Amino acid sequence: MKKIRVPSRICLFGDHQDYLNLPVIAAAIDRYMYLEYTPTSSSFFKINLNDLERTLEVHFDDTSEVEANDYFRSSIAVLKTYGFEFQSGYELNIHSDIPINAGLSSSSALVVSWLRFLVEVLKNTRQIEITDYQIGRWAYEAEVLFFQQPGGCMDQFTIANSGVIYIDTLTQELKPLPKPKGHYVIANSGISKDTLSVLAQAKKLALNGMEKAVQEGKVEKVTDLSLDDYHNYVNLMTPQERPYWFSTLENYRITLNARRAMVAERSSKVIGSLLNQHQYILNRYIKNTPEIMQAWMDQVIQEGALGAKIIGSGGGGCLLAVCNDDESAQKTVYRFKELGAKEAFQINLIEG
């Protein structure tokens, strides 16, 4: 039996920016998707999803009609376009300690682990070099582009490449960053999130506003503008687009400040302050934070955490908090549970 392990991820800065081709800062964390496989004499892949108590049979040639969110078959379809061919059957066991549908990108971890398995067992007819970057790109194709979903590339590249990464989502260039200081805590609210509808609404309004500003300002891209340009173009926006126009510029500014802070190895207090600034925008302008989750964050910050934010698309799912030391982090874990979180735990950011 062979084993594959891939990490989960958190977005530190730049939530709701990657699908706008704006930069993000994300980090792999020590929560994992595990995939174990053994060869069989069959002509298909038998997949045991242990956590869901389900078993699937996936045939290599069964990709003519792929149902929505069937990432097993979409991944095979993507690899077929690059010349990969079936060789033999396998039985797989997949399990995870990543909370599902909670903002920690369990789906992307599944896709990356599945792709790492496939490139091990399929025939690579074109002798394509298999790099972590290539795995991330294929995962993005299989999860987002194949289904024309509104998400970006942050999850797939972060999980495939690991470490703390600044991602230029326009060029898909990755730049490793020093691990930010601080002790980090995750709280799973237990509130299910509707990722695709949250992203689709935010993406539509943000892109509409960006297009108007870029055309009026006669610039190539929105990163040629700054927060100072907000008032120059806000009158072009509909009332619904204006908050997203502001959040686009402000979140970009915060992400750049966070990158500078990490490179300079600033204190955890600085990182916490920037997380709070980011969360303010997510809550007030993108409106992706349920009131109870914002109340939990306000409470733990009042009691000693340095900063906190919702993770991922929002609407539910997980929260991230940063603390100055291990004692404060342990207290924050306990407080989140006391406030009503489904679970809370400390995490480590994985070194690249």
Residue in the range 285-316 that is modelled with the lowest pLDDT, counting only those that are assigned to a helix (DSSP H, G or I) and among the acidic types (Asp, Glu): GLU291
By residue number, the members of the range 170-188 that are surrounded by fewer than 20 Cβ atoms within 10 Å (Cβ to Cβ) and among the β-branched types (Val, Ile, Thr) are THR171
All positions within the range 293-316 that are of a type in the set (Asp, Glu) and either buried (at least 23 other Cβ atoms within 10 Å of the Cβ) or in contact (Cβ under 8 Å) with a residue 24 or more places away in the chain (or both): GLU303
Whether any residue in the range 253-262 is buried (at least 17 other Cβ atoms within 10 Å of the Cβ) and more than 22 Å from the chain's Cα centre (by Cα) is what I want to check. no
Would you mind finding the one in GLU220, GLU211, GLU250 that is of a type in the set (D, E, K, R), assigned by TED's automatic domain parsing to the domain that holds TYR285, within 22 Å of VAL24 (Cβ to Cβ) and crowded, with 17+ Cβ neighbours inside 10 Å? GLU250
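Please determine, by comparing only the residues of the range 10-45 that are aromatic (Phe, Trp, Tyr) and under 23 Å from ASP62 (Cβ atoms), which one is surrounded by the most Cβ atoms within 10 Å (Cβ to Cβ). Walk me through how you get there before you give the answer.
Taking the range 10-45 first, the residues aromatic (Phe, Trp, Tyr) are 13, 19, 32, 34, 37, 44-45.
Remaining after also requiring under 23 Å from ASP62 (Cβ atoms): 37, 44-45.
Values: TYR37: 20, PHE44: 18, PHE45: 24.
Ranking the candidates gives PHE45 first.
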Could you list, ordered by first residue, the pairs with Cβ atoms under 8 Å in which the first is in the range 108-120 and in contact (Cβ under 8 Å) with a residue 60 or more places away in the chain and the second is charged (D, E, K, R), at least 6 apart or interchain? SER108/ARG9; SER108/GLU143; SER108/ASP155; ALA109/ARG9; SER113/ARG5; GLU120/LYS2
On the basis of being of a type in the set (D, E, K, R), out of contact with any Cys (no Cβ under 7 Å at 6 or more places or on another chain) and at pLDDT below 95, does GLU57 make the cut? no
Matching entry among ILE159, ILE130, ILE191 (being surrounded by fewer than 23 Cβ atoms within 10 Å (Cβ to Cβ), under 16 Å from VAL6 (Cβ atoms) and aliphatic (A, V, I, L, M)): ILE130
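Just to check your reading of the model, which residue among ARG266, ARG259 is in a helix (DSSP H, G or I), charged (D, E, K, R), under 25 Å from LEU306 (Cα atoms) and in the same structural domain as VAL322 (by TED's automatic domain parsing)? Explain how you work it out, then say what you get.
Details: ARG266 fails: in a helix (DSSP H, G or I).
Matching residue, one of ARG266, ARG259: ARG259.
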Kindly list, by first and then second residue, each pair from a residue in the range 216-232 that is over 14 Å from PRO23 (Cβ atoms) to a residue that is of a type in the set (Lys, Arg), limited to pairs with Cβ atoms under 8 Å and residues at least 6 apart or on different chains. SER226/ARG253; LEU227/ARG253
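For the condition of a type in the set (A, V, I, L, M, F, W, C) and not assigned by TED's automatic domain parsing to the domain that holds ASN257, what is the one hit in LEU170, LEU205?
On the way: LEU205 fails: not assigned by TED's automatic domain parsing to the domain that holds ASN257.
Among LEU170, LEU205, only LEU170 is of a type in the set (A, V, I, L, M, F, W, C) and not assigned by TED's automatic domain parsing to the domain that holds ASN257.
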Exactly one of LEU282, LEU319 is in a helix (DSSP H, G or I), in contact with a strand residue (DSSP E or B) (Cβ under 8 Å, 6 or more places away or on another chain) and crowded, with 17+ Cβ neighbours inside 10 Å, and that residue is LEU282
If I filter the range 88-103 down to residues being of a type outside the set (A, V, I, L, M) and over 17 Å from ARG116 (Cβ atoms), which single residue comes out as modelled with the lowest pLDDT? ASN101
Residue satisfying all of: in the range 95-127; among the β-branched types (Val, Ile, Thr), surrounded by fewer than 22 Cβ atoms within 10 Å (Cβ to Cβ) and touching an Asp or Glu at 6+ places or on another chain (Cβ under 9 Å); farthest from ALA27 (Cα to Cα) among these: THR125
Output the residues belonging to the range 46-88 that are more than 19 Å from TYR34 (Cα to Cα), polar (S, T, N, Q) and surrounded by 11 or more Cβ atoms within 10 Å (Cβ to Cβ). THR63, ASN69, SER74, GLN87, SER88
If you go through the range 94-101 one residue at a time, do you hit one that is assigned by TED's automatic domain parsing to the domain that holds PRO39, under 20 Å from CYS318 (Cα atoms) and free of Cβ contacts under 8 Å to residues at least 60 places away in the same chain? yes
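The values are calculated or read from the model by the stated rules, or taken from the named source; none is laboratory data. Every value quoted in this text rests on a predicted model; they were computed, and no experiment measured them. No Cβ is skipped: glycine too gets one built from the backbone with ideal geometry, and neighbour counts run over all protein chains shown.
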